[in-house]
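S.K.: Encoded as structure tokens, here's the structure I'll be asking about.
What follows is calculated from the coordinates using simple rules that are stated; it is not laboratory data. Please read all numbers here as calculations on a predicted model, not as lab measurements. Glycine also receives a Cβ, built like all others from the backbone with ideal geometry; neighbour counts cover every protein chain displayed.
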Amino acid sequence: MAGRGIRDLVGRAMIDREFLAKLVRDPQTVLADFDLEPEERTAILQAVRRTESGGSEHERTRELQIVLMKRWAT
């Protein structure tokens, strides 16, 4: 079961586009505000890195949002 920190982060990423864009641009700063397990932090950073070869920031944020939904928004 996912902890509160990851649920809060994913929930906010689903509804706050500006927050999601900042997560793509500066994940370390954003993640510092959340109480995440090391595995959760690593998984999010890996997901962000996978979007780095994507197109526009909008495309990258959408791709990250999909990854977060598939992994944690259940």
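S.K.: Fewest to most neighbouring Cβ within 10 Å: what's the order for 31, 23?
M.R.: Result, fewest neighbours first: 31, 23.
S.K.: Putting +1 on Lys and Arg Cβ atoms and -1 on Asp and Glu Cβ atoms, find which of 38, 61, 5 reaches farthest to the positive end of the dipole of the range 4-72.
M.R.: 61
S.K.: How many angstrom lie between the Cα centre of the range 44-64 and the Cα centre of the range 1-21?
M.R.: Result: 15 Å between the Cα centres.
S.K.: Using the count of nearby Cβ atoms within 10 Å as a rough guide to exposure, how do 42, 51, 61 rank from fewest to most?
M.R.: Ranked by crowding around the Cβ, least crowded first: 42, 51, 61.
S.K.: I've got another one for you. To check my understanding: the extent here is largest minus smallest coordinate of the Cα atoms along each principal axis. What are those three numbers for the chain, in Å, largest first?
M.R.: Per principal axis, max minus min of the Cα coordinates gives 32, 22, 19 Å.
S.K.: Quick one: angle between helix 4-15 and the longest Cα principal axis of the chain, in degrees between 0 and 90, rounded to 10, please.
M.R.: Taking Cα atoms only, the helix is inclined about 30 degrees.
S.K.: What does the net charge come to around residue 60 if you take all other residues with beta carbon closer than 10 Å to its beta carbon, with K and R at +1 and D and E at -1?
M.R.: Counting the neighbours of residue 60, the net charge comes to -1.
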